[in-house]
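Readers should treat all values here as calculations from the given coordinates under stated rules, not as data from a laboratory. Every value quoted in this text rests on a predicted model; they were computed, and no experiment measured them. For neighbour counting, all protein chains shown are included, and Cβ atoms are generated from backbone atoms with ideal geometry for every residue, glycine included.
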Amino acid sequence: MGKRIIQQARGKGSSTYRVKKKAFKYRLQYPKNIEGTGTVIKLLNSAAHTCPLAKIRLKSDIFFIPAFNGMVEGQTINLDGKEIKEGNILRLNEIPIKTRIYCIESRPGDGGKFIKTGGNSAIVNRKIGTNVLVVMPSKKEKKFHVNCRAIVGIIAGDGRLDKPILKAGKQFHIKKSKSKLWPRTSAVKMNKIDHPFGSGRGKNPKSKIAKRNAPPGKKVGLIRPRRTGKKK
């Protein structure tokens, strides 16, 4: 009898594949209505994030954001759009072109959804009517509403990929802290009892079309494809 394949084991949620809840206790969002000035209470580390986090106090409210390069504890950040300075949270229509920004809102008031990875930033490129076009880290332009807010600056932790990972154990612990699947084994290299694509015969996994009501252990390959066969 074969063992459960990886989709089944992860779906069950055993301790092997369960992430630490403590790692994700910080929610990186700024409040919907903010004005005045905030103070950086503390800079802290989080296993689930690739950058240091900043704990900000705004009157009676406390929230967390990704720290920018050069942020220090006790620093004040402006939240009312009067000053273009690193760490300030501004609307896109208040930010000059060619300014580097991060933690951009997808819709006005959602607290920041885009660009939260260490060392990343986007550039304000153009303003057309009620839209602002931003060059993302992928070098592609993305359109945002002028009332979407963002943080001025570059996220801290830029050099995290410079040091090579010399041991497999280090990569294992990095991935485990975020509950990522690693090392990843190709399905066609497994035994037949461990995966539907296993065994040395017929290494053509894309030809398999899983049924709609197939269980997780069988739902591999082309899942509900709109069409099959070679395009002509």
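Please report how far the C-alpha centroid of region 44-59 lies from that of region 86-140, rounded to the nearest whole angstrom.
Computed from Cα coordinates, the inter-centre distance equals 20 Å.
Restricting to DSSP H runs of at least four residues, report the calculated mean residue ellipticity at 222 nm for the chain, -39500 (n - 2.57) per run over all residues, nearest 500 deg cm²/dmol.
Calculated mean residue ellipticity at 222 nm is -2000 deg cm²/dmol.
What angle do you read, to the nearest 10 degrees and between 0 and 90, between the alpha-carbon axis of helix 168-177 and the longest principal axis of the chain?
It is inclined by approximately 70 degrees.
Can you list the lysines whose alpha carbon sits under 19 Å from that of Lys218, skipping same-chain ones fewer than 8 residues off?
Those lysines meeting the cut-off are Lys3, Lys12, Lys189, Lys192, Lys203, Lys206, Lys208.
Ser15 label point, 7 Å along Cα→Cβ, cut-off 17 Å on backbone N: hits in region 162-192?
176-177, 179, by backbone N distance to the label point.
Roughly speaking, what is the stretch gain from Asp80 to Lys232, that is 0.36 nm per residue apart minus the C-alpha to C-alpha distance, in nm to one decimal? If you can, show how the numbers build up before the last one.
Values: separation 152, 0.36 × 152 = 54.72 nm, distance 5.71 nm.
The Asp80-Lys232 span can extend by a further 49.0 nm.
Return the subset of Lys42/Lys85; Lys142/Lys231; Lys22/Lys55; Lys143/Lys178; Lys113/Lys163; Lys139/Lys231 for which the Cα-Cα distance in this structure is over 22 Å, preserving the input order.
Lys142/Lys231; Lys143/Lys178; Lys113/Lys163; Lys139/Lys231
Please give me, ordered by residue number, the GluC sites (Glu not before Pro) of region 67-104 that lie in loop per DSSP and have at most 13 other Cβ atoms within 10 Å.
The qualifying sites are Glu73, Glu83.
Evaluate the relative contact order of the chain (contact order divided by residue number), counting alpha-carbon pairs under 8 angstrom at least 6 apart; express in whole percent.
Reported relative contact order: 17 percent.
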